[in-house]
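Scroll down for the structure; my scribbles are underneath it.
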Amino acid sequence: KDEDGQIIKWIGTSTNIDEQKKTEEALKESETGFRQLADVMPQQVWTANANGGLDYVNLVTINYFGKSEAEIVGEGWQSVIHPNDLESVVKVWVNSLETLQPYQVEFRLKDKDGNYQWHLGRATSFINKNNQVRWFGTNTDIETHKFNEQRKDEFISMASHESKTPVTSLKGYTQFLQMRFEREGNTDAADLVRRMDTQINKLTKLIGDFLNVSKLEGQQFWIDKENFNFKKLIEESVASVQLTSPLHTIIIESDEELFYNGDKLRLEQVICNFLNNAVKY
């Protein structure tokens, strides 16, 4: 400008931003490619920011809820989770956001018709070079899997109940035979029947375990601890397997007395499995 403030000349620059534009175009193409890939996947696909807020959902998600992407992202995902599942889902999600550990949880989601379907939610975090965190996740429909699990549990429960009656009868016959052999002085036969009765008791306990299907599915096993002679447990296990393995000879190399506190039945199952596998393989 001159002394009177009138413009007399313009001074400008032209900065080369070709690389910046190429980077922006590449990012746009990458984002477009991701969306196209996510839209053809048969799962609900979503992304979230570092605070856990959704910022993208794919077509499967839109069709499931019958709402637009903006509505789903804006309303928040907590409104479509079954009330009984919400607390546990939020707890797992918050822990993942804080620790950046992978997110995995099962929950029920309400569809556009108001029906709840079981889904498996999974997500993993991604940290870019600017140290910004994003989450990439999926919700997989596992309704059929859950239904089959329920049918399996019902079958196990029914089969276990039905098994109790013949096992109970078998135990009664065994006790009758044992008393009869003892009266006749047939000690060998009485001892064999006594062993049969012991195995029937173990079978009865196993049936009881099957009846506790909910605890088994939750990986909660009852451990019945007691003090017992481990040497005797080994001898009983060997004798049991030896009866069904006549072509093999199982030798106990130690006769050391050892008393232990634990679940005798489950430990015997483990030992018998070891021995049976040794015989087979």
Worksheet, complete the sentence: Rounded to the nearest 10 degrees, the helix 264-280 long axis (Cα) sits at an angle to the longest Cα principal axis of the chain of 90 degrees
Item to complete: Determine the relative contact order of segment 13-98: mean sequence separation of Cα pairs under 8 Å and six or more apart, normalised by residue count, in whole percent.
Response: 19 percent
Item to complete: Could you check how much of the accessible area of segment 160-281 is carbon and sulfur, as a whole percent, using a 1.4 Å probe?
Response: 57 percent
Worksheet item: Which pairs, out of Lys152/Lys264; Lys202/Lys231; Lys164/Lys280; Lys164/Lys202; Lys205/Lys232, put more than 23 Å between their alpha-carbon atoms?
Response: Lys152/Lys264; Lys164/Lys280
Response to the item:
The extension gain from Asp255 to Thr187, computed as 0.36 nm times the residue separation minus the Cα-Cα distance, is 22.0 nm
Worksheet item: If contacts are Cα pairs under 8 angstrom and at least 6 residues apart, what is the relative contact order of the chain in percent?
Response: 10 percent
Response to the item:
Candidates Ile142, Ile271, Ile207; GNM for the chain (alpha-carbon contacts under 10 Å) flags as most fluctuating Ile271
Worksheet item: Order of 11-19, 89-97 by packing, highest average Cβ count within 10 Å first?
Response: 89-97, 11-19
Worksheet item: Tally Lys and Arg at +1 and Asp and Glu at -1 over the other residues with C-beta under 9 Å from the C-beta of His82: what net charge comes out?
Response: +1
Item to complete: Sticking with the crude label model, points 7 Å out along Cα→Cβ, report the distance from His248 to Thr204 in nm, one decimal please.
Response: 3.0 nm
Worksheet, complete the sentence: Using alpha carbon positions and the Kirkwood radius, the Rg to Rh ratio of the chain is 1.30
Worksheet item: Extension gain Ile11-Lys146, at 0.36 nm per residue separation less the Cα-Cα distance, in nm?
Response: 41.4 nm
Worksheet entry | Within-14-Å neighbourhood charge of Val238 [Cβ basis; K, R +1; D, E -1] | -2
Discussion item. From Cα pairs below 8 angstrom and at least 6 apart in sequence, can you work out the relative contact order of segment 159-281, rounded to a whole percent?
Written reply: 23 percent
Worksheet item: Taking the highest mean first, how do the peptides 57-65, 191-199 order by number of other beta carbon atoms within 10 angstrom per residue?
Response: 57-65, 191-199
Practice prompt. Find the accessible area per residue for segment 87-220; the probe is 1.4 Å, ligands and nucleic acids are left out, and the unit is Å².
Written response: 68 Å²
Item to complete: Report the trypsin sites (Lys or Arg not before Pro) located in segment 1-84 that are in a DSSP loop and have at most 13 other Cβ atoms inside 10 Å of their Cβ, or state none.
Response: Lys1, Lys9
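Ordered by packing density, taken as the mean number of other Cβ atoms within 10 Å over each peptide's residues, highest first, how do 165-174, 248-257 rank?
So the peptides 165-174, 248-257, ranked by packing, come out 165-174, 248-257.
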Discussion item. Report the gain in length on full extension from Asp55 to Lys110: 0.36 nm times residue separation, minus Cα-Cα distance, nm rounded to one decimal.
Written reply: 17.8 nm
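The values are calculated or read from the model by the stated rules, or taken from the named source; none is laboratory data. Only a predicted model underlies this, so the values are computations on that prediction, with no experimental measurement involved. Here Cβ is always computed from backbone atoms with ideal geometry, including for glycine, and neighbour counts include all displayed protein chains. Heavy atoms of the whole protein, side chains included, go into the accessibility calculation; ligands, DNA and RNA do not. Shrake-Rupley method; radii C 1.70, N 1.55, O 1.52, S 1.80 Å.
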